[in-house]
Amino acid sequence: MNAVQKEWEKMRIAYQNRYAKMCKKIKKNEFNTDNHGALLEMSYVLIAVFGLTDKQVQEIERNDGFTNADVKR
């Protein structure tokens, strides 16, 4: 893996962790619609920019910011 790919992976993991934190924030206050909008936008970025699937986004929610493939590494 070259330097650009390593940096891309770091950014993806960091964004996944932010997404997981937002999921926890929503569970604490389900009625804040701003948080729900931010979560939807973040899931779009994970799918459209980082190339994750819907299934991987669900894995991130369950695994506190990591996909199953990330956990196995």
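Taken together, the values in this text are just the output of simple stated rules run on the coordinates, not laboratory data. For clarity, every value in this text was computed on a predicted model and none was experimentally measured. Glycine also receives a Cβ, built like all others from the backbone with ideal geometry; neighbour counts cover every protein chain displayed.
When +1 charges are put on Lys and Arg Cβ atoms and -1 charges on Asp and Glu Cβ atoms, the dipole computed for the chain relative to its Cα centre reaches about 280 debye.
Per the Kirkwood definition applied to all pairs of different Cα atoms, how many angstroms is the hydrodynamic radius of region 3-69? Result for region 3-69, one decimal place: 12.1 Å. Taking every C-alpha pair closer than 8 Å and separated by at least 6 residues, the mean separation divided by the residue count of the chain gives a relative contact order of 37 percent.
For the chain, adding -39500 (n - 2.57) for each run of n ≥ 4 DSSP H residues and dividing by the number of residues yields -24500 deg cm²/dmol at 222 nm.
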